[in-house]
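So the structure is just underneath, and the comments pick up after that.
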Amino acid sequence: MPAAQPPHKPLTELAPAADRFAMTALAVREHPRFEVCDLEIRRSGPSYTVDTLTELQNRGRLHLIIGSETFLDLLNWKDPRRVAALARLAVIPRNGMGFDPEAPAAQKVLRELGLPGFARAGEEPGAAAAPLLVHAASLPISGSDLRRRAREGRSLAFRMPESVVAYIRDHDLYRPEA
């Protein structure tokens with residue numbers, strides 16, 4: 001779900017929301033269990049996760065998949081306790097990045113959100129609210145890195161689907177203004 005106005009990123013660094021929606025649709029079109037939603041693009045104002053989860057709460061149990069860096073920054077989000085109450089957090093450490101769920105920084109986030117310790121995927125979950133710690137294969141890349149590579153005219157091959165690379169090229173996205 002692309003954000004129309006991400007509150008933590010300057011819009012000047014991003015492609016227009018409609019283009020980000022189109023690229024997301026291209027990226028998942030061959031994955032029948034994925035769908036792209038334009039809820040945040042249709043809503044005016046900043047795209048706060050808590051507002052989105054509130055709108056989606058009648059669709060059943062929600063899970064919010066976030067990277068470990070994002071988890072550690074969660075206290076800076078709008079109404080983080082409500083975010084954790086509306087959706088079970090699934091935290092995925094990025095390959096090549098250390099994440100210690102017992103470290104003081106992680107424990108502080110858990111404490112401030114009123115959450116018990118982490119449950120590991122595949123283990124007995126314990127408390128329903130316990131965030132899941134999921135170790136999944138991932139590439140050590142970030143959206144910021146991809147946008148920088150595109151601005152610099154560097155290759156995006158093997159970092160995203162070719163259809164998305166072609167869209168970026170065909171729509172001249174992320175290039176400096178001439």
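The values are calculated or read from the model by the stated rules, or taken from the named source; none is laboratory data. Since the model is a prediction, treat every value here as computed from it, not as a measurement. Cβ coordinates were reconstructed from backbone atoms using ideal geometry, including for glycine residues, and neighbour counts include every protein chain displayed. Note: accessible area is taken over every heavy atom of the protein model, side chains too, but ligands, DNA and RNA are not part of it. Shrake-Rupley method; radii C 1.70, N 1.55, O 1.52, S 1.80 Å.
Ile65 contributes an accessible area of around 120 Å² to the protein surface, as traced by a 1.4 Å probe with all chains present.
Residues in region 1-94 average 58 Å² of solvent-accessible surface per residue, probe 1.4 Å, ligands and nucleic acids excluded. Stretching Asn95 away from Val134 to a fully extended chain increases their span by 12.9 nm, per 0.36 nm per residue minus the current alpha-carbon distance. For region 20-103, averaging the sequence separation of C-alpha pairs within contact (under 8 Å, six or more residues apart) and dividing by the residue count gives a relative contact order of 27 percent. Close amide H contacts of Ala119 (hydrogens built in the peptide plane, cut-off under 5 Å, sequence separation of 5 or more or a different chain): Leu132, Leu133. Rolling a 1.4 Å probe across all protein chains gives Thr24 an accessible area of roughly 40 Å². Residue-wise HN-Hα couplings along region 46-51, as the Karplus relation 6.51 cos²θ - 1.76 cosθ + 1.60 with θ = phi - 60° gives them from phi, are x, 8, 8, 4, 4, 5 Hz; Gly and Pro carry x. Nonpolar atom fraction for the chain, defined as the carbon and sulfur part of the 1.4 Å probe accessible area, stands at 52 percent. Projected label points at Met1 and Ser44, each 7 Å from Cα along the beta carbon direction, are separated by 2.0 nanometres.
Each listed q (0.18, 0.24 Å⁻¹) maps to a log10 I(q)/I(0) for region 1-79 from the Debye sum over equal C-alpha point scatterers, namely -0.90, -1.42. Accessible surface comparison of Phe34, Phe99, Phe71, probe 1.4 Å, protein chains only, largest first: the order is Phe34, Phe99, Phe71. Between Arg88 and Leu62, His63, Leu64, the built amide H atoms are under 5 Å apart, and every one of these is 5 or more places off in sequence or on another chain. Between Arg175 and Asp145, full extension at 0.36 nm per residue minus the direct alpha carbon distance yields a gain of 9.4 nm. Across the protein chains, with a 1.4 Å probe defining accessible surface, the residues Asp145, Asp170, Asp73 rank Asp170, Asp73, Asp145 from largest area downward. At full extension, Lys108 and His8 could sit 33.9 nm farther apart than now, given 0.36 nm per residue minus the alpha carbon distance.
Short to long, the 10 Å bins of the Cα pair-distance histogram for region 38-149 hold 13, 42, 35, 10, 0 percent of all pairs.
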